[in-house]
Structures are given as C-alpha cells and as structure tokens.
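Chemist: The structure's right below; bear with me while I get my questions together.
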Amino acid sequence: MISLSPRPLFLSCLLAVLGSPVQADTVLYATVYDSMGQSEDEIWGKVVAIDEQGQVTDYATGFEWPQGITLDQQGNLFVLDGSDIWKITAPGVKEIVATKPNAFNSWDLAMDADDNLYVTGSDMAGEFIYRFTAASGYTSYDTWAAPNAPTGLFVAPDGALYSAGSDTVLRYDTATGDFSTYYTFTGEHDFYTAFDLAMNAEGEWYFSSAGDGLVLKVSADLTTAELAIASGLSGERGIALDPEGRVLVANWTCGCPDEPNAIMIGVDGQAVVFANLGEVYSPNHLLVVAPIPEPSWAMAVLLGVLAWAGIRQRRKEPRTDG
C-alpha cells in the first residue's frame, strides 16, 4: 500500500485553483440553405457551427437542401440531404453512408443509443419512417408507417422514438416499429400543428409550431401546456435546448432586413436573435452538442506530483519481511 504524507499547502492551492475540469464550449450546429438562390451550381446548403457568443462559421459545405442533423456515440455528425444521409467526421470531411428509397419530404433524422438512424420520408403510397441499422453499416432498413407526416423526430431517454407532424405526436417502440398516439394538439394557446420537438432533463416537451410563431411547452405527464415563446418568431422550424434548458429555434424567413434568418433564443416568453444568419441562408434543423468536461493539464500535473510523492514516501518506510 502507498502511504501519502499530508498534502503540502502549495499542492492544496494548485488543486483548488487550477485543478478544476476544463469545459469545452457548447456548440450549436444548424443545417442551412440558400433560400435566395445566390449560390453556384445549385449546391445551396451547408452546416454551420455557432459558438456560445453567437458567432457563425461554416462546418461543412456542398449540400443541396440539408434538413435533419444528429450525432452518434463517437461524436460524428449525420445530416439528411434529400435522399442521402451524410456522415461528417471532421470540419469539411463528409461521406454518404445511406440513401433513402425516395427524396420526397425529407425533413428530419434521429439516432438512438445503438447508433441506428431514423429518417422521415414519403412516396406516392404515403408517409414513412425509415430505420437504418448500424449493424448493417446503414445498408439495411425497415419501413414504418407514419400517418402524421412527421417533420420532427426525437429519441427520448427511454429509448422510444417520437415523431411530430400535423396535429399529432406519435410514440414508436423502436424494437418493433409499433406506434401509438402520444399527444394531440387541440388549438390550446392557438397552437395547432407542430414542426419539431425537444425534451428537457425533467421530461417536459417543447414543440415549435409550423409557421404560427409559437413554441409550446407541455408537462411531462402531458396534463398542462403553456407557451414558452409567444412572440418574436416569423417562420420557426427546428428546435433545440441548450444545457441550461434555454429554447433555441431556427427562424426561417424571406431574408428581409426586418425579419432576419436567425437562430432565436427564448427570453421571458419572447424570441430574440442569438445568431443572425443574414439575408441569404435560412436555417432548418438544430443540434446542440455539449462536450463532457475533460481534466485540465493542471489536474494531470497534480496527480503526477502526488503519485511521485507517494512513491518517495514508500521508499522511506522500513521494509518488513514476513
């Protein structure tokens, strides 16, 4: 057993002042496209990264009309662009990993804890959700009925898949594909149809409306509803929550100067601009990535010093041979 002597004062100070974890910045990713048609070669879409100060930088370009965006267990981004699902492994580095059977109504995608992908889609026969399995390398998929024509998907901590579309939220058993009606919008607070959905740590739901300028908050037991954002939106689409539980909404407009394409944030029931995207690029879906804190360099140095001190103390102790 290694016996450590009492910790010197300077080590205590080092631990208290420098040994705390380093928290990398939270990053908001958004899929955007050129709604003004000013890009060349009809490659109008991209993924942008937005930092905590609202600064926008290009993360990956060369998409046509990117929509849903999600993240796997290894930190890779996945983006739905028409029929194609792209995997982004680093800024600007991307490849197609799966292709949907059709390109109609490609709105959103989500990923479960096993890295299976869920994608919305439709054809002349109706609306569907496609489940691409990670075990097949995303070459095999199941087709599930989606009568609510979903535009938003969300995998909850319980492993179930929830789809928002029209006036209904459906809950899917991801093991079987069976679904049931989970929630219906009845016009309470003038909220009639949902575009996207998100859940906070308490299990409360947030829904962006399909063009009514509202965000509805519904309790975890589905018994009460209130407006989380009642004003300031003009063309809301994707929705996400930051680590503090604040509501972020993609606001899609015509690019008019008085109604900018922007990522909005809810403040006291009103949407205010968090990141202005300008007149050209309109946002679709959002993804918040909050990195896990990593030990700082000071903590690593401290642990090394403590281990060295322990070894020295052990060498000083008399040996007893039994």
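The values are calculated or read from the model by the stated rules, or taken from the named source; none is laboratory data. Computed from a predicted structure; not experimentally measured. Ideal geometry is used to build each Cβ from the backbone, glycine not excepted, and the neighbour counts take in all protein chains shown.
Chemist: Which residues, counting only those in the stretch 205-222, are modelled with pLDDT of 95 or more, outside any strand (DSSP E or B) and surrounded by 18 or more Cβ atoms within 10 Å (Cβ to Cβ)?
Modeler: Leu214
Chemist: Still on this structure: Over 26 Å from Asp114 (Cα atoms), assigned to a strand (DSSP E or B), more than 19 Å from the chain's Cα centre (by Cα) and not charged (D, E, K, R): is that true of Leu227 in this structure?
Modeler: The answer is yes for Leu227.
Chemist: Across the stretch 235-253, what is the number of residues that are of a type outside the set (Ser, Thr, Tyr), assigned to a loop (DSSP other than H, G, I, E, B) and in contact (Cβ under 8 Å) with a residue 24 or more places away in the chain?
Modeler: Residues that pass the stated criteria total 5.
Chemist: Mind listing whichever residues of the stretch 51-101 are in contact (Cβ under 8 Å) with a residue 24 or more places away in the chain, polar (S, T, N, Q) and over 22 Å from Arg131 (Cβ atoms)?
Modeler: Scanning the stretch 51-101 gives Gln55, Thr61.
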